[in-house]
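The values are calculated or read from the model by the stated rules, or taken from the named source; none is laboratory data. Given the structure is predicted, the values throughout are model-derived calculations rather than measurements. For neighbour counting, all protein chains shown are included, and Cβ atoms are generated from backbone atoms with ideal geometry for every residue, glycine included. For the accessible areas, the whole protein counts, side chains as well, though only heavy atoms, and no ligand, DNA or RNA atoms are used. Shrake-Rupley method; radii C 1.70, N 1.55, O 1.52, S 1.80 Å.
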Amino acid sequence: MHPDIRKTIVTTETLYADGGKAATTPLVMIAAAAVVKNPWAGAGFVEDLAPKIREMAPVLGELLTGLIVKEAGGGDRVVAYGKSAVVGLEGELEHASALIHTLHFGNHYRSAVKGKTYLAFNNTRGPANTPILVPMMGTDDEGTREHYLTTQFNINDAPFNDEIVIALGAALGGRPHHRIGNRYLDLKELGHDQKNPAAV
């Protein structure tokens, strides 16, 4: 275990009904987080973040991926995913971004669940007990809106001012009563090419 990791948290939410209607299949969402000392806190403006990124991001990616896969019962059960970071008040938003916006972090998770899309993300700054939101989208297809989900939790004693909370999120299914179509239907209705959705 990396010496700068203070603790880990795994939280699971199971949704049995939505809109007053029971779910045919309950929606399970999982988050795994690590509370780590911010390696740049108190150092002033650090120009080169790469050394600490290369040291810590792979460790965090492997650790959190393992926690998610264990809780999910296997990587093949994860159909939506995302990542998030909250840096304490002595840190920069760049510090929150640094440890999650790198392939040294995300590729552990993507490989474990055989994901084909990028990980949806969120990076913010806040004190202990800040809401931690992990947005998610489909592992195979970014246009399947039933997998546009967000899992939310908080940690009562994290992040300290000199810490960062790093999190991964997973969903084992889509929203129970998905009925807003998908981006491909919108593109067809708008007469846009799927390869050029903004029509520019």
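Assorted remarks:
- Leu103 meets all of the listed conditions (1) over 14 Å from the mean Cα position of the chain (by Cα); (2) surrounded by fewer than 18 Cβ atoms within 10 Å (Cβ to Cβ); (3) modelled with pLDDT of 95 or more; (4) among the aliphatic types (A, V, I, L, M) but one, namely (1).
- Once segment 153-185 is narrowed to residues that are open to solvent by 60 Å² or more (accessible area, probe 1.4 Å) and among the charged types (D, E, K, R), the residue that is modelled with the highest pLDDT is Arg175.
- Looking only at residues of segment 12-36 that are over 16 Å from Met136 (Cβ atoms) and open to solvent by less than 10 Å² (accessible area, probe 1.4 Å), we find that the one that is farthest from the chain's Cα centre (by Cα) is Val36.
- Scanning segment 119-152 for residues that are farther than 19 Å from Leu93 by Cβ and either touching a Phe, Trp or Tyr at 6+ places or on another chain (Cβ under 7 Å) or surrounded by 18 or more Cβ atoms within 10 Å (Cβ to Cβ) (or both) yields a total of 12.
- Test for Pro39: is it over 18 Å from the mean Cα position of the chain (by Cα) and in a loop (DSSP other than H, G, I, E, B): yes
- Pairing each residue of segment 1-21 that is under 30 Å from Trp40 (Cβ atoms) with any residue that is open to solvent by 60 Å² or more (accessible area, probe 1.4 Å) and among the acidic types (Asp, Glu), provided the two are 6+ apart or on different chains, yields C-beta distances under 8 Å for Val10/Glu71.
- Qualifying residue in segment 115-135 (condition: touching a strand residue (DSSP E or B) at 6+ places or on another chain (Cβ under 9 Å) and touching a residue at least 60 places away in the same chain (Cβ under 8 Å)): yes
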